[in-house]
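A quick write-up on the structure given underneath.
The values are calculated or read from the model by the stated rules, or taken from the named source; none is laboratory data. Quick caveat, the model's predicted, so the values are computed rather than measured. In this analysis, Cβ positions are derived from the backbone assuming ideal geometry, glycine residues included, and neighbour counts consider all displayed protein chains. Only protein heavy atoms, including side chains, enter the accessible area calculation; ligands, DNA and RNA are left aside. Shrake-Rupley method; radii C 1.70, N 1.55, O 1.52, S 1.80 Å.
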Amino acid sequence: MSQEENLPFNEKYTLPPYKETYRRSLEDSERFWKEQALELEWTKPFSKVLDESNAPFYRWFPDGLINITQNALDRHVKTWKTNKAALIWESESGESRTLTYGQLFNEVNRLARALKDLGIKKGDRILTYLPLMPELPISLLASARIGAVHSVVFSGFSHQAIADRINDAKAKVVITTDYTVRRGKKIPLKQVVDEALKQAPSVEKVIVVKRPHFEDTKMTEGRDVYYHELVSRTGYKKVEAEETSSTDPLFILYTSGTTGKPKGIFHLHGGYGLWTYLTTKWVFDLHDNDVFFNTADIGWITGHSYIVYGPLQVGATTLMYEGVPDYPNPDKWWELIEKYNVTVFYTSPTAIRSLMKYGEEWPKSHDLNGLRILGSVGEPINPEAWRWYSKNIGHNELPIVDTWWQTETGGIMISATPGLGNYMLKPSANGLPLPGVEADVINEEGTRAKDREKGYIVIRRPWPGMLAGVWGDPDRYISTYWSKFKGVYYPGDYAVKDEDGFFFILGRADEVLKIAGHRIGTREIEDVLISFPGVAESAVIGVPDPVRGEVAVAAVVLKQGYEPSENLKKQILSHIKDNLGSLVIMKDIYFVTKLPKTRSGKIMRRLIKSVLSGQQTGDTSTLEDETSLDELKKIINEFE
Ligand code: WT7
C-alpha cells in the first residue's frame, strides 16, 4: 500500500465531475436517480423512485414498466446502430461470428418466439449450460424478452451443481449444446445435462445447440429438441418485449456463501438494468464507438453485467472469446485486441499472473495501441501483476480501473471512474465509491474505523443494482447481508479507507475462498468431502498460490477401517471434481487422526492455516488438544 509510487496518469486528475455527481447522488438522491433512470426507455414511467416500506427488501422504481431488452436491443435497432456490430464472437476452434444489433435482435426474437411456442411464460425459469457462444447471450436476452427468469450455470460445473440449481429454481427449460472445445479437447456438455436431469424432474424441455464438426449426441424423444430446428419451425415474426415491471425478476445467479448450499442471488429488470447501464458508462467510459473485451465467462456476474447487459445497453460492441488465453499460444487475447481494435479491456488478476509467466514478448508482438482503459476484477491485484499489466498492456499510460463489486451488488461499486473524469488511482487502491454508493469501513463493534484501520466494508444505503433477495429464502437474505451490523449492507470483505476516502479491499472476512477469482465456500467443499464414504471429518482452508491467488487444502480424518493412501487421495479428489467441477483447485489433502478444535468443538481453521503456510500459530490457548497441531506439522514436514 505504498504511496511513493507515482503513476504517470495522475496528472490527468480531473475530479470535479465525479465529485459533483457523487455529492448530488447522496444529497439529492431522489432527483438524482430520477434523472439517471430517465436516460433509459420506459414502457410506463415510474412515479416513485424507491419503495422502502419492506426494507431491507428495497424496490426501485416500483410502479415503472421496463424490460431490459428494450434498452439493450429495440432502442438501438431504431437507429443507425442496427447495422453496427453488437457482438463479435470467436472460438478456439476457429469459428467466428459477428452479429449487428439488427441481427442480434432478430436472433433473440426467433428464440423468444420459440420459447413462447413451447409454452414458456412470464416468470418461468430457464437454465442455461452453455460455453461462451452467441447462443448464450441470445438465450439470456430471449428469456428476458418474454419475462422469463434466466439462470446461467457455468459450463465447467458438474451435473450435481446443475441438478441443485434446477431444483432450487424449479427450472422448466434447459438450454445447452452438444460439445465445447477446450485446449483442442472435445468436451461433451449435453451428456452432463442428461446426468443432472436424472435428479431434476421439473425440466420439461432441453434445447440443444448443435455444433458443427461433431457426431450427433443422444436426444431424448419428446424432451430434447435441437435449437436450429426449434427456431425455424415458424417464419420470422417480431416478439414484443413482455411488459415487465421494474421489480420483476430478470435472473437468478447462484453463488457461494459460508454455508454448504449456494444461494440464488436474484436481480430485477429496472434497478439492475439501470445500474449496469450507468456503471458501464461511469467506469469504462463506454460509448457506441467502443469495442469492449471482457475476458470473464457469462457463467459469472461479471459476464452478465459487462459482456451482455452493460455494453449492449450503451450500444457498444462486445467481444466474446470461447477458449483459454494461452492456447494455442499465450498471445490469444493480445491477438484479439489487435484484430478487433479493442478499446477497453477487462480481466482478472489471476489471468494476468498466468500470462506473465510466458514473458513480455507475447504482448509486444501485437499492436495494442487502440486500448484506452484497462480493468481488473475478482480479487485484490498484487503489485507485480499490476505493474506487468500496466507496462505491457497499458504501456505505462492507461488507467487500470480496479473494480470492486460482487454478484450481489449487480455492478461495480468502488473503482476509478474515467467516464466521470476521475482517473485518480493509487497503488493497490480500488478507488472511490461510485455515485449513490455510501460505502464505509467499520470495526467489530460497528463504529466507524479510523483512517487506515482495518475493518469491514459496509454500504449504508440501498443502490439500484442491489440484489433483490435470495431466491426462495428471504430469511437467508436478511441473515447474510443485513444482520451482522444493523441497518447496513454487509458484503463480507475486509477493507481500509485512507484519509482521501480511497478504499483498499483486502479480501474475504468469512469462510469463502477465491480460487482464481472464483468464489467457493469452505463449507461447500467440506460437505462434499464428508459425503465421501471413508471421510469422517474435514477442514478446508485456503493457502496462497502464486498464480491463482488462493487454492484449497483439506485436513481429513478417516473413518475406522480406512487407511490413508495415495489411491484414496485420488479417489477423494475425483469425488470433489464430480461434485463441484474443475474450478475447485485442491492443492493437497492431509490425512490426520484429529482436527485442531476448541474445547467447545469448533474447528480452528486459523491454526491449520498458519501451520500450512509455515507461520507462527499464535495464541493456541483455546485449543483442546495440542497434539493435533503437532501431528499436522509432522505430516507437512514429511511432504516437503
Ligand atoms: C468478491 C465477490 C464482482 C465480480 C467478480 C466476483 C472479491 C471482487 C475485487 C477487487 C478485491 C475483489 C471480493 C468480493 N473481489 N473484485 N477488485 N478487489 N477484491 O464476484 O464471485 O460475487 O465475488 O470478490 O472478495 O466480495 P463474486
Report summary line: Heavy-atom accessible area per residue of the chain, all protein chains kept, 1.4 Å probe, expressed in Å², is 39 Å²
Query raised in the report: Once amide H atoms are built 1.01 Å from N in the peptide plane, which residues 5 or more positions from Asp493, or in another chain, come under 5 Å H to H?
Result: Ile457, Ala509
Query raised in the report: Spin-label point model (7 Å from Cα, Cβ direction): what's the Glu397 to Lys570 distance in nm?
Result: 5.4 nm
Requested in this report: Give me the number: length gained by fully extending Val324 to Leu38, i.e. 0.36 nm times residue separation minus the C-alpha to C-alpha distance, one decimal in nm.
Outcome: 99.0 nm
Query raised in the report: Quick one: if you stick a label point 7 Å off each Cα along the C-beta vector at Ile530 and Thr622, how many nm between them?
Result: 2.0 nm
Query raised in the report: Stretched out fully, how many nm does the piece from Asn382 to Tyr236 gain, at 0.36 nm a residue minus the Cα gap?
Result: 47.5 nm
Report task. Would you rank Leu118, Leu250, Leu506 by solvent-accessible area, highest first, keeping every protein chain in place and using a 1.4 Å probe? Result -> Leu506, Leu118, Leu250
Query raised in the report: If R0 is 45 Å, what FRET efficiency do you get for Thr79 and Ser483 from their C-beta distance, rounded to 0.05?
Result: 0.45
Query - Per-residue HN-Hα couplings for the stretch 362-377 [Karplus 6.51, -1.76, 1.60; θ = phi - 60°; Hz; x = Gly/Pro] - result: 5, x, 4, 7, 10, 7, 10, 6, x, 6, 10, 9, 10, x, 9, 7
Query raised in the report: Based on the Cβ-Cβ distance from Lys116 to His228, what FRET efficiency comes out when R0 is 25 Å, to the nearest 0.05?
Result: 0.90
**Report entry** Contact order relative to length of the stretch 473-631, as percent, for alpha carbon pairs under 8 angstrom and 6 or more apart
**Finding:** 16 percent
Query raised in the report: When only C-alpha pairs under 8 Å and at least 6 residues apart count, what is the relative contact order of the stretch 251-377, in percent?
Result: 22 percent
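Just tell me, in residue order, which DSSP H segments of the chain are both 20 angstrom or longer along the helix axis (alpha-carbon based) and at least -0.5 in mean Kyte-Doolittle hydropathy.
269-284
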Query raised in the report: Short version: ³J(HN,Hα) in whole Hz for each residue of the stretch 248-265, in order, from phi by Karplus 6.51 cos²θ - 1.76 cosθ + 1.60 (θ = phi - 60°), x for Gly and Pro, what are they?
Result: 7, x, 9, 7, 10, 9, 7, 9, 7, x, 7, 9, x, 8, x, 9, x, 7
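Do the sum for the chain: with -39,500 (n - 2.57) for every DSSP H run of n ≥ 4, divided by all residues, what is the mean residue ellipticity at 222 nm, to the nearest 500 deg cm²/dmol?
On the way: 18 runs with 177 residues, N = 640.
Taking each H run of at least 4 residues, the total per residue is -8000 deg cm²/dmol.
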Query raised in the report: Can you tell which of Gly375, Ala539, Pro62 lies farthest toward the positive end of the dipole of the chain, using +1 and -1 charges on the Cβ of basic and acidic side chains (Lys, Arg; Asp, Glu)?
Result: Pro62
**Report entry** 13 Å cut-off, amide nitrogen to a point 7 angstrom out along Ser202 Cα→Cβ, residues in the stretch 103-132
**Finding:** 123-128
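Please give the contour-minus-distance gain from Asn167 to Thr259: 0.36 nm per residue of separation, less the Cα-Cα distance, rounded to one decimal in nm.
31.3 nm
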Report task. Count charges around Gly264 for me, please; just the other residues with Cβ under 13 Å from its Cβ, Lys/Arg as +1, Asp/Glu as -1. Result -> +2
Query raised in the report: What nm value, rounded to one decimal, do you get for the distance between Lys19 and Asn54 when each label is placed 7 Å out toward the C-beta?
Result: 4.2 nm
Query raised in the report: Taking the Cα centre of the chain as the origin, how large is its charge dipole in debye, to the nearest 20, when only Lys and Arg (+1) and Asp and Glu (-1) carry charge on their Cβ atoms?
Result: 1160 debye
